[in-house]
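Below is one structure, written out as structure tokens; comments come after it.
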Amino acid sequence: MPSDPPLILGFDTSAAHCAAALLSGAEIVAVAAEDMARGQAERVMVLLEETLGKGGAAWADLTAIGVGTGPGNFTGIRISISAARGLALGLGIPAVGVSGFEARAFGMSLPASALISAPRDQVYRQDFSKHGASPPLVQSEETALSEVFDHGYALAPQIPPAKLAENIAFIACESWQTTTLAPAPQYVRAADAAPPRDAPPVLLDE
């Protein structure tokens, strides 16, 4: 049976890291983060189990799961979301998707903007105000910073992976009771991979 107060396991593999945090009520009781450019698929479940162990908890104690949905590395995002969905289904508990923007802007006074590094010297940007969140953008860092400061928005700090996982857990704790949608990747831009340009071979009837 899930514990009382709520026990939330938050984790993220949206960049070159694997990070997890265990939240009990309002207190982080265990956290782990490792830098890794590859191997997240093999490491994530082990890291989650280790984090539970550090917090003196078991899978069956969890109330809900929080998972980072990006934007970021396409493969990393799919790894964590697949893990979250599988765990939620197997444990019979909610899984809450939390964007990297939300996690970075968590706890800030509004209006605020969150930036996430993107390929080709660009950044992903999303603004938050009392009216809600704007659609995310892809911009040059110079343009994004100029617009953020021109609008007088606070800029969310760049936080380490461990803090990212902690914030994901806190946000999931606030919304797990009202979540109705399964976590899904947040892609602001299309994948860099492109289909082959060569025409497919012609198949001849015998």
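The values are calculated or read from the model by the stated rules, or taken from the named source; none is laboratory data. In this text, all values refer to a predicted model and were calculated from it rather than measured experimentally. So basically every Cβ, Gly included, is an ideal-geometry build from the backbone, and we count neighbours across all protein chains shown. What goes into the accessible areas is simple: the full protein's heavy atoms, side chains included, and nothing from ligands, DNA or RNA. Shrake-Rupley method; radii C 1.70, N 1.55, O 1.52, S 1.80 Å.
What are the ³J(HN,Hα) couplings of segment 153-158, residue after residue, when phi is run through the Karplus curve with 6.51, -1.76, 1.60 and θ = phi - 60°? Round to Hz, x for glycine and proline.
Each residue's phi maps through the Karplus curve to give 7, 6, 9, 5, x, 7 Hz.
Using a 1.4 Å probe on the protein chains only, how many percent of the accessible area of the chain belongs to carbon and sulfur? Intermediate results must be reported in sequence, preceding the final value.
Numbers: 6070 of 11030 Å².
The computed percentage sits at 55.
Can you list the residues, at least 5 places off or on another chain, whose amide H is less than 5 Å from the amide H of ALA64, using H built in the peptide plane?
For ALA64, the qualifying residues are LEU7, LEU9.
Please build a GNM for the chain, connecting alpha carbons under 10 Å apart, and tell me which residue among ALA15, ALA184, ALA37 fluctuates the most.
Ranking ALA15, ALA184, ALA37 by mean-square fluctuation puts ALA37 first.
Could you check the simple spin-label distance between SER175 and ARG78, using points 7 Å along Cα→Cβ, in nm with one decimal?
2.4 nm
Across segment 121-183, what fraction of all alpha-carbon pairs, as a whole percent, falls in each successive 10 Å bin from zero upward?
Percent of pairs per bin, in order: 17, 39, 35, 9.
Choose one answer from LEU91, LEU115, LEU52: the residue with the largest mean-square fluctuation in a GNM of the chain with alpha-carbon springs under 10 Å.
Maximum among the listed residues: LEU91.
Which one of PRO185, ALA112, THR143 has its Cα pushed farthest toward the positive end of the charge dipole of the chain, where Lys and Arg give +1 and Asp and Glu give -1 at the Cβ?
The residue sitting most towards the positive pole is ALA112.
How large, in Å, is segment 21-71 by the Kirkwood hydrodynamic radius built from its alpha-carbon pairs? Can you show the working numbers first?
Numbers: mean 1/r = 0.0830 Å⁻¹.
When all Cα pairs of segment 21-71 are included, the Kirkwood radius is 12.0 Å.
What helices does the chain hold that run 20 Å or longer along their axis, going by alpha-carbon atoms, with a Kyte-Doolittle average of -1.0 or more, using DSSP H for the helix calls? Working shown, then result.
Values: long enough: 40-54 (21 Å, 0.00); 74-91 (26 Å, 1.14); 161-175 (21 Å, 0.57).
Helices meeting the criterion: 40-54, 74-91, 161-175.
Determine the sum of side-chain charges near ALA32: Lys and Arg each +1, Asp and Glu each -1, restricted to other residues whose C-beta is under 14 angstrom from that of ALA32. Provide the component values of the computation, followed by the final result.
Working: positive: ARG43, LYS54, LYS163; negative: ASP12, GLU34, ASP35, GLU49, GLU50, GLU166.
Residues near ALA32 contribute -3 overall.
Over the chain, what is the percentage of antiparallel beta bridges among all DSSP beta bridges, to the nearest 5?
Working: 27 of 37 bridges.
Close to 75 percent.
Rank ILE93, ILE77, ILE171 by mean-square fluctuation in a GNM of the chain with C-alpha springs under 10 angstrom and give only the top-ranked residue.
Of ILE93, ILE77, ILE171, the most mobile in the Gaussian network model is ILE93.
Find the centroid of the Cα atoms in segment 63-140 and in segment 15-45, then give the distance between the two in whole Å.
Cα centres, segment 63-140 to segment 15-45: 15 Å.
How big is the Kirkwood radius of the chain, worked out from every pair of different alpha carbons and given in Å to one decimal?
Mean inverse Cα-Cα distance, inverted, gives 17.9 Å.
Give me the orientation-averaged projected area of the Cα convex hull of segment 65-147, in nm², one decimal. All intermediate terms of the calculation are to be shown ahead of the outcome.
Numbers: hull surface 24.9 nm².
That works out to 6.2 nm², a quarter of the Cα hull's surface.
Once you list every other residue whose beta carbon is under 13 Å from the beta carbon of THR63, what net charge do they have if Lys and Arg are +1 and Asp and Glu are -1?
Numbers: positive: none; negative: ASP4, ASP61, GLU174.
Net charge in that neighbourhood comes out at -3.
When the helices in the chain are scored as -39500 (n - 2.57) per DSSP H run of 4 or longer and the sum is shared across all residues, what 222 nm value do you end up with, to the nearest 500 deg cm²/dmol? It would help to have the intermediate numbers written out before the result.
Values: 5 runs with 64 residues, N = 206.
Result for the chain: -10000 deg cm²/dmol, rounded to the nearest 500.
Could the peptides 57-68, 137-148 be put in order, highest first, of the mean number of other beta-carbon atoms found within 10 Å of their residues?
Working: 57-68: 21.6, 137-148: 15.2.
Ranked by mean Cβ neighbours within 10 Å, highest first: 57-68, 137-148.
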